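In what follows, a single structure is set out as C-alpha cells and then discussed.
The values are calculated or read from the model by the stated rules, or taken from the named source; none is laboratory data. The structure presented is a predicted model; accordingly, all values stated were derived computationally and were not measured. We place every Cβ from the backbone using ideal geometry, glycine too, and count neighbours over all the protein chains shown. Quick note on the areas: whole protein, heavy atoms, side chains included, nothing else; ligands and nucleic acids left out. Shrake-Rupley method; radii C 1.70, N 1.55, O 1.52, S 1.80 Å.
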Amino acid sequence: MPAPLELLQQRQSVPSRQLGAPAPDEATLRELLAAAIRVPDHGKLAPFRLIRLEGDAKLRFGERLAELAIRKQPELSDAKREKEQLRYTFAPLVIVVVARIDAGSSVPEIEQRLSAGCVAYNILLGAHALGFGAQWLTGWAAYDPDVAALLRLSTNEHVVGFVHLGTPQLDVPDRERPALDDLLVTWAP
C-alpha cells in the first residue's frame, strides 16, 4: 500500500482521557492548523474558525461546562457529574472548530458545515501524522446555547467539535472497521 494511504489506514481517535502532555508546540500547532484549514470551500467563504483552549483557561472552561451540565440536569448520576468535571483536564490542548454559516451565500448551508467538518478531520489526521493523538468530541456542549454564549459565538456560528490534542499515554487498540464491500455499490442506469 502506498505510504500516504497507510497514514489513513492507521489513523484512529485516541480517547481524550488517554491524552497527556506534550501537545504540539506553538510552531508545530500553527503548521498543523494552517494545513488543516486547506479544505474544500465552495465560494471561498472560509465558513469556519478555531478557538484554542489551553492551560488555566481550558480548565476554567471545563469547570464552567460542568457547572452548566449539573444546573441543566440536576439528576445527573455521580459518575456523569465526575465525567463532566474532568472532561477538560486530560488533553493539554483543545481546539474548538466553529462553523460560520453565511446564510446570504449561494453556497448551501450543508456545504459550509461540511467544510468546517473537514477542518476538524484534518486536525485529527494531521495530529496523527505528527505523532500526536487526537479525539473529535461533540456531546451536549456542542449544541447548547449557553455554551455558545460562553464561547462568544455569533448567531450564525455553531460548534462542529471539540478536538482534544496531546500525546497518547497508552497504546490504543484499533477498533473493527466496516468492510468496504458492505458500503460500496456501483450505480447503473
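What residue, of A148, A129, is open to solvent by 50 Å² or more (accessible area, probe 1.4 Å) and either out of contact with any Phe, Trp or Tyr (no Cβ under 7 Å at 6 or more places or on another chain) or of a type in the set (K, R) (or both)?
Only one candidate qualifies: A129.
Cβ-Cβ under 7 Å, sequence separation 6+ or interchain: first residue in segment 44-60 and more than 15 Å from L151 (Cβ to Cβ) and modelled with pLDDT of 95 or more, partner among the small types (G, A, S) and not in a strand (DSSP E or B). Which pairs?
L45/S105; P47/S115; P47/A116
Within segment 39-55, track down each residue that is under 16 Å from the mean Cα position of the chain (by Cα) and not in a strand (DSSP E or B).
Correct list: V39, P47.
Could you figure out which of (1) over 29 Å from Q73 (Cβ atoms); (2) open to solvent by 50 Å² or more (accessible area, probe 1.4 Å); (3) among the aromatic types (F, W, Y) isn't true of Y143?
The one condition Y143 does not meet is (1).
Consider only pairs whose beta carbons are under 8 Å apart and that are at least six residues apart or on different chains; among these, list those whose first residue lies in segment 89-108 and is without any contact (Cβ under 8 Å) to a residue 60 or more places away in the chain and assigned to a strand (DSSP E or B) and whose second residue is open to solvent by 20 Å² or more (accessible area, probe 1.4 Å) and of a type in the set (K, R).
R100/R49
Does G139 satisfy the criteria of being under 16 Å from the mean Cα position of the chain (by Cα) and closer than 17 Å to R100 by Cα?
No: the conditions fail for G139.
To keep it simple, each residue is scored yes or no on (1) closer than 18 Å to L19 by Cβ; (2) surrounded by 17 or more Cβ atoms within 10 Å (Cβ to Cβ); (3) out of contact with any Pro (no Cβ under 9 Å at 6 or more places or on another chain).
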{"residue": "I110", "(1), (2), (3)": "no, no, yes"}
{"residue": "G133", "(1), (2), (3)": "yes, yes, no"}
{"residue": "G166", "(1), (2), (3)": "yes, yes, no"}
{"residue": "Q169", "(1), (2), (3)": "yes, no, yes"}
{"residue": "D182", "(1), (2), (3)": "no, no, yes"}
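Conditions (1) closer than 30 Å to D102 by Cβ; (2) outside any helix (DSSP H, G or I); (3) open to solvent by less than 80 Å² (accessible area, probe 1.4 Å), marked per residue:
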{"site": "L8", "(1), (2), (3)": "no, no, no"}
{"site": "A23", "(1), (2), (3)": "no, yes, yes"}
{"site": "L29", "(1), (2), (3)": "yes, no, yes"}
{"site": "L65", "(1), (2), (3)": "yes, no, yes"}
{"site": "K83", "(1), (2), (3)": "no, no, no"}
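Please give the number of the condition K44 fails out of (1) surrounded by fewer than 14 Cβ atoms within 10 Å (Cβ to Cβ); (2) touching a strand residue (DSSP E or B) at 6+ places or on another chain (Cβ under 8 Å); (3) under 30 Å from A103 (Cβ atoms).
Unmet condition: (2).
Go through segment 163-189 and give me each residue that's assigned to a loop (DSSP other than H, G, I, E, B) and of a type in the set (D, E).
Hits for segment 163-189 are D171, D174, E176.
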